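Asks: So that we are looking at the same thing, I have put the structure below in structure tokens.
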Amino acid sequence: MSEGHFINVKGFCVAELTNESEKTYDTVQVVSKTMKVKVSTDSNTETLDGDGRPTDSCTTTGKTTIEVEINKLPLKIQAFLAGHGFDETTGAMLEKETDTPPDVACGYCFEKSNGKKQYHWYYKGKFEKPDDDVEQISDGKAKFSTPSLKGTFVYRSDGNKACKWDEEEGTIPAAILSTVTEPPAALLNPAV
């Protein structure tokens, strides 16, 4: 089979981190149809000079920002991500001054040109409240409004931030996006 290149993204989902020390999560919720995912990680490299030349360097990584453009954002999911109240009967979302967004994990899938997939899980982060940006119908043409979510992800208390799996390079755990999938034991306890 030929080498695959990324051609699609799908399956964006979230789950609340219910107990960080025990690494437990609530039920995974699919957010919406995924249109675009952009991941940026802060990094910094410092160089130490001596005798007129570089003698050492140190690179550190920090938070990861994930921006996701989705097809739509149901109020129920928006309420969950922002810590707002939601009434299932009336479909109403209530924002209060005391609302606090929960820590969540997020996962998604990149599809490749050869039919293989790469899966991603980020283990601890919070999403910001999205903006509303809707335009009127103009000259008989409608313009779709698609919301974006922006989240900041950090290291969990066990030092893990994210894990990726690639079908071209190994066997993928079953139902990988149905539950928050932890890294393989071989990565958590490498041989000395």
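Asks: In debye to the nearest 20, how big a dipole does the stretch 62-152 give about its Cα centre with +1 on each Lys and Arg Cβ and -1 on each Asp and Glu Cβ?
Replies: Numbers: 13 positive and 15 negative charges, 127 e Å.
Dipole magnitude for the stretch 62-152 comes out near 620 debye.
Asks: Do any GluC sites (Glu not before Pro) in the stretch 32-91 lie in a loop, going by DSSP, with at most 16 other beta-carbon atoms within 10 Å of their beta carbon, and if so which?
Replies: Numbers: sites: Glu46, Glu67, Glu69, Glu88; in loops: Glu88.
Sites meeting the loop and neighbour criteria: Glu88.
Asks: From largest accessible area down, sort Arg156, Arg53; use a 1.4 Å probe on the protein chains. Could you put the intermediate results ahead of the total?
Replies: Values: Arg156 5, Arg53 145 Å².
Putting Arg156, Arg53 in descending order of accessible area: Arg53, Arg156.
Asks: Using the Karplus curve 6.51 cos²θ - 1.76 cosθ + 1.60 with θ = phi - 60°, work out ³J(HN,Hα) for each residue of the stretch 114-129 in order, rounded to whole Hz, and write x for Gly and Pro.
Replies: 9, x, 7, 9, 10, 10, 10, 10, 10, 9, 8, x, 10, 9, 7, 5
Asks: Using alpha-carbon pairs under 8 Å, 6+ residues apart, how would you state the relative contact order of the chain in percent? All intermediate terms of the calculation are to be shown ahead of the outcome.
Replies: Numbers: 383 pairs, mean separation 44.9, N = 192.
That works out to 23 percent.
Asks: Mind pulling up the Rg/Rh value for the stretch 1-107? Radius of gyration and Kirkwood radius, both on Cα. Walk me through the numbers on the way to the answer.
Replies: Details: Rg = 20.4 Å, Rh = 17.6 Å.
Looking at the stretch 1-107, the ratio lands at 1.16.
Asks: Give me Rg/Rg_expected for the stretch 82-156, where Rg uses Cα atoms only and Rg_expected = 2.2 N^0.38 Å with N residues. Could the numbers behind the result be given before it?
Replies: Details: Rg = 17.5 Å, N = 75, 2.2 N^0.38 = 11.3 Å.
Rounded to two decimals, the normalised Rg is 1.54.
Asks: In addition: Mean projection of the alpha-carbon convex hull of the chain over all orientations, in nm²?
Replies: On the way: hull surface 74.6 nm².
Projected area, direction-averaged: 18.6 nm².
Asks: May I pose another question? What accessible area, in Å² to the nearest ten, does a 1.4 Å probe give for Val134?
Replies: The accessible area comes out at roughly 110 Å².
Asks: Further question on the same structure: If the only charges are +1 at each Lys and Arg Cβ and -1 at each Asp and Glu Cβ, what is the size of the charge dipole of the chain around the Cα centre, to the nearest 20 debye?
Replies: Working: 22 positive and 31 negative charges, 109 e Å.
Dipole size: approximately 520 debye.
Asks: Quick check: net charge around Ala162, other residues with Cβ under 10 Å of its Cβ, Lys/Arg +1 and Asp/Glu -1? Before the final figure, lay out the partial values.
Replies: On the way: positive: Lys124, Arg156, Lys161, Lys164; negative: none.
Once positives and negatives cancel, what remains is +4.
Asks: Work out from phi, with θ = phi - 60° and the Karplus expression 6.51 cos²θ - 1.76 cosθ + 1.60, the ³J(HN,Hα) of each residue of the stretch 19-33, listed in order in whole Hz, and give x for Gly and Pro.
Replies: Ordered by residue, 3J(HN,Hα) equals 8, 5, 5, 9, 6, 10, 10, 6, 4, 6, 10, 6, 7, 5, 5 Hz.
Asks: Would you tally the net charge around Asn114, using a Cβ to Cβ cut-off of less than 14 Å, leaving Asn114 out, and scoring K and R as +1, D and E as -1? Can you show the working numbers first?
Replies: On the way: positive: Lys112, Lys116, Lys117; negative: Glu3, Glu111, Asp166, Glu167, Glu168, Glu169.
Value of the local net charge: -3.
Asks: Could you tell me the extents of the stretch 12-71's C-alpha atoms along the three principal axes, largest first, rounded to whole Å?
Replies: Result for the stretch 12-71: principal-axis Cα extents of 57, 33, 8 Å.
Asks: Show which lysines lie in cross-link reach of Lys76 when reach means a straight Cα distance below 18 angstrom and same-chain residues fewer than eight apart are skipped.
Replies: Reachable lysines: Lys33, Lys96, Lys126, Lys129, Lys150.
Asks: How would Phe153, Phe6, Phe80 rank on accessible area, largest to smallest, probe 1.4 Å? All intermediate terms of the calculation are to be shown ahead of the outcome.
Replies: Details: Phe153 0, Phe6 110, Phe80 40 Å².
Descending accessible area places them as Phe6, Phe80, Phe153.
Asks: Residue-wise, which Karplus ³J(HN,Hα) couplings in Hz belong to the stretch 159-170, taking 6.51 cos²θ - 1.76 cosθ + 1.60, θ = phi - 60°, and x for glycine or proline?
Replies: Coupling constants for the stretch 159-170: x, 8, 10, 7, 9, 10, 10, 10, 5, 6, 10, x Hz.
Asks: So how much slack lies between Asp139 and Ser21, counting 0.36 nm per residue of separation and subtracting their Cα-Cα distance, in nm? Intermediate values should be presented prior to the final figure.
Replies: Working: separation 118, 0.36 × 118 = 42.48 nm, distance 5.61 nm.
Result: 36.9 nm gained on full extension.
Asks: Then there is this: If you stretched the chain out fully between Asn8 and Leu187, how much longer would it get, using 0.36 nm times the residue separation minus the C-alpha to C-alpha distance?
Replies: Value of the extension gain: 61.7 nm.
Asks: Rounded to the nearest 500, what is the 222 nm mean residue ellipticity of the chain from helices alone, with -39500 (n - 2.57) per DSSP H run of 4+ residues and division by all residues? Kindly include the intermediate steps, with their values, before the conclusion.
Replies: Working: 2 runs with 12 residues, N = 192.
Counting only the DSSP helices, I get -1500 deg cm²/dmol.
Asks: So if I place +1 on the C-beta of Lys and Arg and -1 on the C-beta of Asp and Glu, and nothing else carries charge, what would the dipole magnitude of the stretch 26-106 be about its Cα centre? I want it in debye, nearest 20. Intermediate values should be presented prior to the final figure.
Replies: Numbers: 8 positive and 14 negative charges, 101 e Å.
Approximately 480 debye in magnitude.
Asks: What net charge do the residues around Lys129 carry, taking every other residue with its C-beta under 11 Å from that of Lys129, with Lys and Arg at +1 and Asp and Glu at -1? Could you put the intermediate results ahead of the total?
Replies: Working: positive: Lys126, Lys150; negative: Glu95, Asp99, Glu128, Asp131, Asp132.
Combined, the nearby Lys, Arg, Asp and Glu give -3.
The values are calculated or read from the model by the stated rules, or taken from the named source; none is laboratory data. These numbers were taken from a predicted model, which means no experiment stands behind them. Neighbour counts run over all protein chains shown; Cβ positions are idealised from the backbone, glycine included. To get the accessible areas, we keep the full protein, side chains included, count just its heavy atoms, and leave off ligands, DNA and RNA. Shrake-Rupley method; radii C 1.70, N 1.55, O 1.52, S 1.80 Å.
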